[in-house]
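To start, the structure itself, in structure tokens.
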Amino acid sequence: MSLLPLPYSRQHIDDDDIAAVTAVLRSDFLTQGQQLPAFEAEFAAVHQVPHALAVGNATQALHIACLALGVSAGSRVWTCTNSFLASANCARYCGAEVDFVDIDPATRQISTAGLAAKLEAAAATGTLPQVLIPVDFAGLPCDWPALRALADRYGFHLLQDGSHATGATLDGKPMASDWADISVFSFHAVKVVTTAEGGMVCTRDAALARTMDRLRSHGMVRDPAQMLAQADGPWSYEQQTLGYNYRMTELQAALGRSQLRRLPDMQARREALAQRYDRILRELPLTLPPRRDGAQSAWHLYAVELHDATRRQAVFEGLRARGIGVQVHYIPIHTQPYYQALGFKRGDYPRAEDYYARTISLPLFPAMTDADQDRVVAALRELLAC
Ligand SMILES: *Cc1c(COP(=O)(O)O)cnc(C)c1O
């Protein structure tokens, strides 16, 4: 009997999504029409934040967020090494020096105690960061009140890489509604809401929003009230800074609106699957994903840790051989050759390295059935021989 391969993540596209995209294809505007502002307004409402700007992907979002926060050559930007490359690369685009903070093994996220100690040492030598980029790993909100307190105490900006955390909440508040200066979300096909490729930057600060709006569209303004010179006529536009073409298309925005309407249902299914995994994996020699009091995870990932790291590769390959699409999140950023060439070494962040050596992300997506899940658990049980 051959079973269909089970992916680790799969986008959830329904007939409403297809109808929404098709309607745009039949309309007058494929880009720069009315879908984009509507998607932004609806995303802003869900995340209870006044400004949301859609861009081509979260990497672009992180780039313009860094620029808006004043990151430039000589700036110091810190992030967590247990993340995707883009969390650090965005600062390198601006010429900044990147440094990393290790994880708390209990949360797999930036260690607030480790961060506090590193900040204290940096304050003593006058090398505090301008920007910190925490990552809500797997969709679980970070300890944002503690991060905000440290940001206020040491005077750095908080740029949230919430790529995993669309729809997550902490103390009843959505991500982006509080705490961070700018919050970024990803709509890549494997993320919890998708526009195929896409990203969003959110902020409560009108000036930051205006700056990022210009940066995503060539550094250009069209509103005569915002021009430096007298407008030549109704056709006028003015380039005031160096910007990019980081826009999202109408097709993507229409898909995003349709997806956003289903977010509560998709989220509920992810939560139910996560709880069911917790239950049926309980007896296996694995550490299961953490939860945080008062936090609702977006459950982008369900990542387990093997008690015995020496078995990780065999278990990973065994699952793949059985058609179960597992992944590993993440190879610590500082171990990449590019960052090693900048001076980072293996051993610099031992907790993230130890976590990496043990972890496997199991399949989790809204259309996954209980039977799919039972198949994953049966294969794990067999491979772990218990
Ligand atoms: C996916 C992801 C990104 C990049 O998102 P794109 O939309 O693919 O550019 C950045 N950071 C993290 C943590 C991610 O998971």
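Here are the numbers for the structure shown:
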quantity: Residue check, G126 closer than 28 Å to Q32 by Cα and surrounded by fewer than 22 Cβ atoms within 10 Å (Cβ to Cβ); calculated: no
quantity: Close pairs (9 angstrom Cβ cut-off, 6 or more residues apart or separate chains): on the phi < 0 side of the Ramachandran plot in the stretch 221-235, exposed (fewer than 10 other Cβ atoms within 10 Å of the Cβ) anywhere; calculated: V221/L228; P224/Q230; P224/P234
quantity: Residue match in the stretch 96-107 (condition: closer than 16 Å to I64 by Cα, among the small types (G, A, S), in contact with a His (Cβ under 9 Å, 6 or more places away or on another chain) and at pLDDT 95 or above); calculated: no
quantity: So A168, is it away from the ligand (no atom under 16 Å from the Cβ), within 28 Å of H300 (Cα to Cα) and crowded, with 20+ Cβ neighbours inside 10 Å; calculated: no
quantity: Counted residues, the stretch 227-241 - those being open to solvent by 70 Å² or more (accessible area, probe 1.4 Å) and either within 30 Å of A176 (Cα to Cα) or within 16 Å of the ligand (Cβ to nearest atom) (or both); calculated: 1
quantity: Residues being open to solvent by less than 50 Å² (accessible area, probe 1.4 Å) and either among the aromatic types (F, W, Y) or more than 10 Å from the ligand (Cβ to nearest atom) (or both) - total across the stretch 192-205; calculated: 5
quantity: Subset of the stretch 72-116 (residues that are touching a helix residue (DSSP H, G or I) at 6+ places or on another chain (Cβ under 7 Å) and of a type in the set (K, R)); calculated: R108
quantity: Number of the exception - T211 against (1) open to solvent by 50 Å² or more (accessible area, probe 1.4 Å); (2) out of contact with any Pro (no Cβ under 9 Å at 6 or more places or on another chain); (3) more than 15 Å from the ligand (Cβ to nearest atom); (4) part of a loop (DSSP other than H, G, I, E, B); calculated: (4)
quantity: The stretch 68-88, subset more than 13 Å from the ligand (Cβ to nearest atom) and surrounded by fewer than 20 Cβ atoms within 10 Å (Cβ to Cβ), residue farthest from T195 (Cα to Cα); calculated: G74
quantity: Scan of the stretch 118-135 for residues that are within 29 Å of L301 (Cα to Cα) and either out of contact with any helix residue (DSSP H, G or I) (no Cβ under 9 Å at 6 or more places or on another chain) or small (G, A, S) (or both), ordered by number; calculated: K118
quantity: Failed condition for L273, given (1) of a type in the set (A, V, I, L, M); (2) in a loop (DSSP other than H, G, I, E, B); (3) more than 27 Å from R214 (Cβ to Cβ); calculated: (2)
quantity: Residue match in the stretch 280-289 (condition: outside the structural domain of P37 (by TED's automatic domain parsing), farther than 19 Å from A196 by Cβ and assigned to a helix (DSSP H, G or I)); calculated: yes
quantity: Single unsatisfied condition, T59 versus (1) polar (S, T, N, Q); (2) more than 25 Å from K173 (Cβ to Cβ); (3) out of contact with any Cys (no Cβ under 8 Å at 6 or more places or on another chain); (4) within 16 Å of the ligand (Cβ to nearest atom); calculated: (3)
quantity: Residue check, L30 more than 16 Å from the ligand (Cβ to nearest atom), of a type outside the set (V, I, T) and surrounded by fewer than 20 Cβ atoms within 10 Å (Cβ to Cβ); calculated: yes
quantity: Residues being away from the ligand (no atom under 11 Å from the Cβ) and either among the aliphatic types (A, V, I, L, M) or open to solvent by less than 10 Å² (accessible area, probe 1.4 Å) (or both) - total across the stretch 178-191; calculated: 3
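The values are calculated or read from the model by the stated rules, or taken from the named source; none is laboratory data. Please read these numbers as outputs of a predicted model, since none were measured by experiment. Positions of Cβ are backbone-derived with ideal geometry, glycine not excepted, and every protein chain shown enters the neighbour counts. The area values use the complete protein model at the heavy-atom level, side chains included, leaving out ligands, DNA and RNA. Shrake-Rupley method; radii C 1.70, N 1.55, O 1.52, S 1.80 Å.
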